[in-house]
Amino acid sequence: MQVDLFVPCFIDQMFPHTAWSTVKLLEQAGCEVHYNTEQTCCGQALYNGGDTLHATKLANKFIRDFPHTRPIITPSASCAAYIRNHYADMIDTESAQRLKNYTFELSDFLVNQVKKLDFSAHFPHKVCYHDACSALREYGLGDEPRQLLAEVAGLKLIKMPRRDECCGFGGTFMLKYAPISTAMTEQKVQNALSTGADYIVSSEASCLLNIQSYIKAHNIALKTIHLADILAGQPTT
């Protein structure tokens with residue numbers, strides 16, 4: 001199967017290894033991965049901030065960057081959900097429907113489309129999984145990440161209390177309402193610590209960045225890692 005890879009801004013700029021993990025997983029799943037080097041931001045941050053003019057320009061650029069009728073895979077449910085659900089407000093109906101039909105978050109694609117769960121991964125740590133808001137509520141991602149983690153050798157997945165609550169990131173929310181955001185992040189970290197986990201895992205790099213910033217600032221013995229990096233066997237520090 002031929003697929004296109006879309007790399008979100010956070011991953012491109014801060015976690016490029018996660019993009020490589022995504023490529024590795026897709027290839028192991030039997031996919032031929034195409035990467036358009038002209039691709040840029042999908043426009044989610046602009047749209048959420050109310051700048052629909054420039055968000056529309058990026059949406060139309062996305063159409064040009066991804067013109068094919070083949071799956072577009074991204075290791076970010078928030079970007080996938082935005083493309084699926086909000087491009088219809090800005091671009092022509094035919095293009096919006098095509099992108100809605102062909103854009104997939106990575107774990108959803110692996111579990112439900114190519115139906116490959118076992119990547120012979122080994123991760124001898126206790127982990128808890130954070131359900132990102134956009135993944136859970138806007139994309140509709142369910143237990144697909146947990147199904148993939150269940151196949152990882154040595155990994156012990158522990159249920160985190162109040163796992164469906166926001167980590168406090170919320171894009172510009174963390175800037176506009178910093179005290180509330182910080183309190184929400186603290187609660188998320190404390191819930192993770194109560195499980196005895198070594199790592200917080202998520203499919204959303206922006207959430208992990210926010211959580212890791214709090215962990216680092218408070219010198220907490222807890223780490224974060226993207227789901228794709230566990231499955232692809234990326235080294236941890």
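What follows is calculated from the coordinates using simple rules that are stated; it is not laboratory data. This one's a predicted model, so the numbers in the text were calculated from it and none came from an experiment. For neighbour counting, all protein chains shown are included, and Cβ atoms are generated from backbone atoms with ideal geometry for every residue, glycine included.
Summary of values
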{"quantity": "Nearest-20 debye value, the chain charge dipole, Cβ charges on Lys, Arg, Asp, Glu", "calculated": "400 debye"}
{"quantity": "Pairs from K24/K156; K126/K159; K24/K126; K159/K188 whose Cα-Cα separation, in the structure shown, is over 20 Å", "calculated": "K24/K156; K24/K126"}
{"quantity": "Most mobile listed residue (L208, L157, L53) in the chain, GNM with C-alpha springs under 10 Å", "calculated": "L53"}
{"quantity": "For the stretch 41-186: relative contact order, % (alpha-carbon pairs under 8 angstrom, 6 or more apart)", "calculated": "20 percent"}
{"quantity": "The stretch 190-217 versus the stretch 28-92: alpha-carbon centroid distance in Å", "calculated": "27 Å"}
{"quantity": "Cα gyration tensor category, rounded, prolate or oblate, for the chain with a/c compared to 1.5", "calculated": "oblate"}
{"quantity": "In sequence order, calculated HN-Hα J values of the stretch 145-162 (Karplus, 6.51, -1.76, 1.60; Hz; x Gly/Pro)", "calculated": "x, 5, 5, 5, 5, 5, 8, 7, 5, x, 8, 10, 8, 10, 5, 8, x, 6"}
{"quantity": "Length-normalised contact order of the stretch 19-104 in % [C-alpha pairs under 8 Å, at least 6 apart]", "calculated": "26 percent"}
{"quantity": "For the chain, calculated [θ]222 nm from helices alone, where every DSSP H run of n ≥ 4 adds -39500 (n - 2.57)", "calculated": "-12500 deg cm²/dmol"}
{"quantity": "Extreme residue, positive dipole direction of the chain, given options L148, G50, T74 (C-beta unit charges)", "calculated": "L148"}
{"quantity": "In the stretch 16-100, the chymotrypsin sites (Phe, Trp or Tyr not before Pro) that fall in loop regions by DSSP, at most 16 other Cβ within 10 Å", "calculated": "Y35"}
{"quantity": "Sequence ranges 181-188, 26-33, ranked by mean other-Cβ count within 10 angstrom, highest first", "calculated": "181-188, 26-33"}
{"quantity": "Among A192, A153, A221, residue whose mean-square fluctuation peaks in a GNM of the chain (springs only between Cα atoms under 10 Å)", "calculated": "A221"}
{"quantity": "P(r) histogram, all alpha-carbon pairs of the stretch 184-237 included - 5 Å bins from 0, percent", "calculated": "4, 20, 32, 27, 13, 4, 0"}
{"quantity": "The chain: most fluctuating residue of S202, S95, S194 per GNM, C-alpha cutoff 10 Å", "calculated": "S194"}
